[in-house]
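Worksheet: one structure, shown below.
The values are calculated or read from the model by the stated rules, or taken from the named source; none is laboratory data. In this text, all values refer to a predicted model and were calculated from it rather than measured experimentally. For neighbour counting, all protein chains shown are included, and Cβ atoms are generated from backbone atoms with ideal geometry for every residue, glycine included.
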Amino acid sequence: MTQTAAILAEASHFRAPTLVASSDSRFVRACLREPVDRTPVWFLRQAGRYMPEYMAVRRHHSLLDICRTPSIAAEVTITAAERLGVDAAIIFADLLLPFTPMGLDFEFVNGEGPVVHQPVRTREHIAALRTDRTDDLRYVAEAISTVSKHFASPRVDGDRLGIIGFCGAPFTLASYMIEGGSSRNYVETKKLMYGDRDAWRMLSDKLVTVLTAYAAQQVEAGADVIQVFDSWAGALSVEDYRDYVLPATTQLIQQIKTFGVPVIYFGVDTASLLPTMRETGADVLGLDWRVPLEEGWRLAGADVAVQGNLDPITLFAPQDVLRARVEGILAAAANRPGHIFNLGHGIVPGTPVDNVIAVAQWVRELSRRSGADRIGAPR
Ligand code: CP3
């Protein structure tokens with residue numbers, strides 16, 4: 001039996017009998033490829049630095065203070081979702097928060113991104129990382145609980161907003177731990193991966209343990225869906241992804257699925273990896289903008305939902321160009337069940353908020369199933 005098959009066999013013992021058959025959120029129904037009245041829409045990084053409301057909060061609090069104060073994290077999450085008119089709210093948090101209870105200090109340096117003070121480079125350091133303090137992350141679940149109560153009654157076109165919890169995937173988090181920050185070539189990560197397979201496996205296992213517990217807290221608090229960010233998986237060849245990354249990622253995703261929620265698995269520059277990423281059993285695969293949506297969906301497989309995939313930089317384009325791109329994506333998805341409209345990666349600072357609001361509105365109008373024939377038609 002291959003390693004992945006063994007993990008799947010083990011995970012199947014824990015699997016909940018069925019996911020909730022239907023939901024009062026069109027976003028959740030689309031994740032499960034159930035019929036929807038129109039295509040649900042939300043945006044990666046929808047509550048970030050492009051938004052004046054966020055920047056106003058940010059003037060008085062550091063990024064980590066916002067993440068660690070449930071009332072502020074909830075407020076930022078809710079404000080963005082309501083302002084944009086989207087179908088889902090992603091909890092305001094950061095991928096790197098689990099590093100602290102694992103014993104790794106980091107900070108966000110303005111203009112540089114995250115910096116880990118003592119990058120993980122040795123087997124001894126990996127052995128010392130802790131997996132028994134995930135309770136320290138409960139502030140994220142508390143924020144989710146507040147957001148979930150706020151959106152308990154129907155809000156967008158009669159439907160309840162979906163609440164998205166999230167965590168990093170083992171590879172992407174390991175890369176931050178090992179590189180000490182963002183990276184171009186992942187030299188240190190790949191050196192450890194190739195050079196000490198046992199150490200790599202120990203690190204992956206520890207991450208899976210922590211991330212599973214963290215995701216469980218989020219689901220218990222009211223998250224309808226968990227998104228697993230493998231933002232930098234595109235740095236790997238198919239062979240290395242399959243060999244070094246797929247087993248732990250599959251284990252994480254299968255364990256999250258046992259909590260009874262759909263899982264969205266997202267990466268960037270993943271066109272060549274999609275057929276292998278689908279083997280994780282994720283319900284939804286994120287498509288980045290480089291791959292045409294039809295081709296991405298074909299590679300992901302007809303039995304998964306897809307999320308994407310507008311180039312976030314088209315949000316800077318004149319509205320006629322932007323609208324044509326939105327129409328193009330909706331036409332390519334052709335109202336098949338299981339499309340969630342999103343960007344191919346996160347909104348960047350400086351993006352005009354009005355264009356983001358316009359995209360959400362166009363998706364809501366153009367994808368109505370009764371008006372499906374309008375998609376792609378000349379205006
Ligand atoms: O609504 C939202 O989407 C915001 C919530 C959110 C943040 N980080 C807050 C944040 C989410 C979903 C994340 C995920 C995250 N964090 C990812 C995966 C998403 C992706 O884009 O693929 C990654 C790779 C990180 C790690 C991280 N955090 C980096 C690389 C940076 C620096 C980015 C930059 O441009 O400076 C951060 C900082 C960060 N996390 C910001 C925000 C709003 C910006 C900094 C700030 O507000 O001070």
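Assorted remarks:
- Residue in the range 7-28 that is of a type outside the set (Phe, Trp, Tyr), out of contact with any strand residue (DSSP E or B) (no Cβ under 6 Å at 6 or more places or on another chain), at pLDDT 95 or above and away from the ligand (no atom under 13 Å from the Cβ) present: no
- Selection count where residues are closer than 20 Å to CYS31 by Cβ, more than 12 Å from the ligand (Cβ to nearest atom) and small (Gly, Ala, Ser), scope the range 81-109: 1
- Any strands (runs of 3 or more DSSP E) falling wholly within the range 74-175 and containing at least 3 residues that are surrounded by 21 or more Cβ atoms within 10 Å (Cβ to Cβ): 88-90, 162-168
- Selection within the range 34-50: residues that are near the ligand (Cβ under 9 Å from one of its atoms) and aliphatic (A, V, I, L, M). The member of this set that is farthest from HIS339 (Cα to Cα) is ALA47.
- All conditions but one from (1) surrounded by fewer than 24 Cβ atoms within 10 Å (Cβ to Cβ); (2) at positive phi apply to VAL348; the one that does not is (2).
- In the range 182-209, of all residues being within 16 Å of the ligand (Cβ to nearest atom) and part of a helix (DSSP H, G or I), the one that is nearest to SER22 (Cα to Cα) corresponds to LEU207.
- The lone exception for PHE43 - which of (1) modelled with pLDDT of 95 or more; (2) out of contact with any helix residue (DSSP H, G or I) (no Cβ under 8 Å at 6 or more places or on another chain) it fails: (2)
Conditions tested, residue by residue: (1) assigned to a loop (DSSP other than H, G, I, E, B); (2) surrounded by 21 or more Cβ atoms within 10 Å (Cβ to Cβ); (3) in contact with a Cys (Cβ under 7 Å, 6 or more places away or on another chain).
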{"residue": "VAL245", "(1), (2), (3)": "no, yes, no"}
{"residue": "GLN255", "(1), (2), (3)": "no, yes, no"}
{"residue": "PHE259", "(1), (2), (3)": "yes, no, no"}
{"residue": "PHE266", "(1), (2), (3)": "no, yes, no"}
{"residue": "ASP269", "(1), (2), (3)": "yes, no, no"}
{"residue": "PRO275", "(1), (2), (3)": "no, no, no"}
{"residue": "GLU279", "(1), (2), (3)": "no, no, no"}
